[in-house]
Structures are given as C-alpha cells and as structure tokens.
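Asks: Below is the structure I would like to discuss, written out as structure tokens.
The values are calculated or read from the model by the stated rules, or taken from the named source; none is laboratory data. Treat the numbers as computed from the prediction; the structure is a model and nothing was measured. Using ideal geometry, Cβ is built from the backbone for each residue, glycine included, and neighbour counts are taken over all protein chains shown. For accessibility, only protein heavy atoms count, side chains too; no ligands or nucleic acids. Shrake-Rupley method; radii C 1.70, N 1.55, O 1.52, S 1.80 Å.
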Amino acid sequence: MVFLNAGGNEGAREPIEIVESQAWIKTVEISLFAAFHVPKASIPLLKMSDNGQILTMGTGTGRRPDKSSAPDSAAKAASWMLKQTISTELTDY
C-alpha cells in the first residue's frame, strides 16, 4: 500500500509586516494540519500492509523562503520535520 501526501496551499502571500493574522493562521492550518491528519488516519492501514509506504511532496519554501512566503515557509518547514518524525516512529514497519 502506498499513500501519497501532497496536500497544502500557498495561502497568504504578504510579508509578515502586513499579512492579516487570520490569513497566516489559515495558511499554516491547511498545510500543517493536512500533513498531520492524513498520515495519522493512514498509519493503521499502512502497518497492516506488507510493504506500506508514505510518499510526500511539496514546495521548496520550507527550506528556501522568498520575500512573501513566511506563513507557507513556516508551515512547510514544520511539515517537513513532522514527516521526519513519522518516518522515525515507523522505522520498524
């Protein structure tokens, strides 16, 4: 079984100085919470599989931000670390 996690959203694209707080929060929620909820729901099925895999993909903004990508960059960086943590937690499977 293979699970592909490619959800997210670019969302707010203003610099921190002018971005609306709610736009920032929505952008982070969509990108980061999807990276949490979907694998969480899939892990039991993946554990039952003989060769379960989680494949992830995303933009590079979590590692290479630009001038107007603060919320997306923060969410993608956190999402990347979450994926590393999930990988470590599932090493035995």
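Asks: Of all residues in segment 21-36 being of a type in the set (S, T, N, Q) and surrounded by 16 or more Cβ atoms within 10 Å (Cβ to Cβ), which is farthest from S87 (Cα to Cα)?
Replies: Applying the filter and picking the extreme gives T27.
Asks: Could you grab the pairs with beta carbons closer than 9 Å, sequence gap of 6+ or different chains, first residue in segment 50-78 and in contact (Cβ under 8 Å) with a residue 60 or more places away in the chain and under 20 Å from P39 (Cα atoms), second one open to solvent by 50 Å² or more (accessible area, probe 1.4 Å) and small (G, A, S)?
Replies: Within 9 Å, the pairs are K76/G58.
Asks: For segment 37-76, which positions are modelled with pLDDT of 85 or more and either in a loop (DSSP other than H, G, I, E, B) or exposed (fewer than 14 other Cβ atoms within 10 Å of the Cβ) (or both)?
Replies: Matches in segment 37-76: H37, K40, A41, P44, L45, K47, M48, S49.
Asks: Further question: Does V19 satisfy the criteria of being modelled with pLDDT of 85 or more and in a helix (DSSP H, G or I)?
Replies: When the stated conditions are applied, V19 does not pass them.
Asks: Could you list, in sequence order, all residues of segment 77-93 that are open to solvent by 60 Å² or more (accessible area, probe 1.4 Å), in contact with a Lys or Arg (Cβ under 9 Å, 6 or more places away or on another chain) and not in a loop (DSSP other than H, G, I, E, B)?
Replies: Within segment 77-93, W80 is the sole residue that qualifies.
Asks: Still on this structure, I have one more. Could you give every pair whose Cβ atoms fall below 7 Å, whose first residue belongs to segment 79-93 and is free of Cβ contacts under 8 Å to residues at least 24 places away in the same chain, and whose second residue is open to solvent by less than 100 Å² (accessible area, probe 1.4 Å), counting only separations of at least 6 or pairs across chains?
Replies: W80/G62
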